[in-house]
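Below: one structure, written as structure tokens.
The values are calculated or read from the model by the stated rules, or taken from the named source; none is laboratory data. Since the model is a prediction, treat every value here as computed from it, not as a measurement. Glycine also receives a Cβ, built like all others from the backbone with ideal geometry; neighbour counts cover every protein chain displayed. Just the protein is used for accessible areas: all its heavy atoms, side chains included, with ligands, DNA and RNA removed. Shrake-Rupley method; radii C 1.70, N 1.55, O 1.52, S 1.80 Å.
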Amino acid sequence: MDDLKNYMRVLKKLGFEEIILENYREEKVLTVSEKKKLLDKIASEILVCTKCDLHKSRTKAVPGEGNPDAKLMFVGEAPGGDEDKQGRPFVGRAGKLLTKIIEATGHKRDEFFITNTVKCRPPGNRTPTPWEQETCWSYLEKQIEIIDPKVICLLGAAAGYAFLQRPVKITKERGQIIKWNGRLLFLTYHPAYVLRNLQAEPVLLEDIKKAIELAYS
Ligand code: URA
């Protein structure tokens, strides 16, 4: 800090009167109710979104839900059949497992914010394409900016792809913590993978425990 002050004094003596910080963003600290209002506004845009073809086959768009002030966000791949019917994320079999695992750590699902890389169900539950993820990204990006979580837990390779913009081998990369835009990404299995590979359940539990500890540390 002292070095920085001295540097500023030298610049002033040299005749500089202002410093333009190109990437400067005035960070306003939002109250929880301001965050909620902004998230509701995004959700209302998502509900009528027609930016990609996924809207044509959806029943309900699934913006995401949870604590507007969460320290930890969970991001999955895309809504499935149950989510499409109810308009809520992670409420089917995979979602029930995620909720069970969160509760096994001693926490509650609604402490966190849960969403997906795309907000509408891909037909036949296929993986969303990179273009669909890209088209939907601005919603997720705004949700992250508003919630301002310390940690984002990425559930599965498709979530990894959306953030890292490269193929992710989740069996190799899970457990990794990656610095990303001033936040921490934590990669782990998708709960649907764990439903097909039950031996991975304790690993997912340990990973989610770590992600929560990281978020609250
Ligand atoms: N799988 C996901 O990736 N997201 C959901 O919301 C449900 C299942």
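Which of the trypsin sites (Lys or Arg not before Pro) across the range 114-211 are loop residues per DSSP, with 13 or fewer other Cβ within 10 Å?
Numbers: sites: 119, 126, 142, 150, 169, 172, 174, 179, 183, 196, 209, 210; in loops: 119, 126, 150, 169, 174.
Filter output for the range 114-211: 126, 169.
Positive end of the charge dipole of the range 34-216 (Lys, Arg +1 and Asp, Glu -1 on Cβ, about the Cα centre): tell me which of 152, 182, 48 has its Cα farthest that way.
Selected residue: 48.
In the range 19-93, which GluC sites (Glu not before Pro) fall in coil by DSSP and have 14 or fewer other Cβ atoms within 10 Å? It would help to have the intermediate numbers written out before the result.
Details: sites: 22, 26, 27, 34, 45, 65, 77, 83; in loops: 22, 26, 27, 77.
Those satisfying the criteria are 22, 26, 27.
First compute the accessible area of the chain with a 1.4 Å probe, then give the percent of it belonging to carbon and sulfur atoms. If you can, show how the numbers build up before the last one.
On the way: 6720 of 12520 Å².
Result for the chain: 54 percent of the exposed heavy-atom area is carbon or sulfur.
Based on the Cα gyration tensor of the range 34-216, what are the three equivalent ellipsoid semi-axes, each the root of five times an eigenvalue, rounded to whole Å and given largest first? Display every interim value, and only then the final one.
On the way: eigenvalues 102, 68, 51 Å².
In descending order, the three semi-axes are 23, 18, 16 Å.
State in Å² the accessible area per residue of the chain; use a 1.4 Å probe, count heavy atoms of protein chains only, and round to the nearest integer.
Values: 12520 Å² over 217 residues.
Here the per-residue accessible area is 58 Å².
Once both axes come from the Cα atoms, what is the angle between helix 93-104 and the longest principal axis of the chain, in degrees from 0 to 90, rounded to 10?
Here the helix axis deviates by roughly 60 degrees.
Could you give the size of the charge dipole of the chain about its Cα centre, using +1 on the Cβ of each K and R and -1 on the Cβ of each D and E, expressed in debye and rounded to the nearest 20? Could you put the intermediate results ahead of the total?
On the way: 36 positive and 30 negative charges, 87 e Å.
Magnitude of the dipole: close to 420 debye.
Could you pull out every one of the lysines with an alpha carbon less than 19 Å from that of residue 210, ignoring same-chain neighbours closer than 8 positions?
Within the straight-line cut-off, residue 210 pairs with 71, 100, 108, 150, 172, 179.
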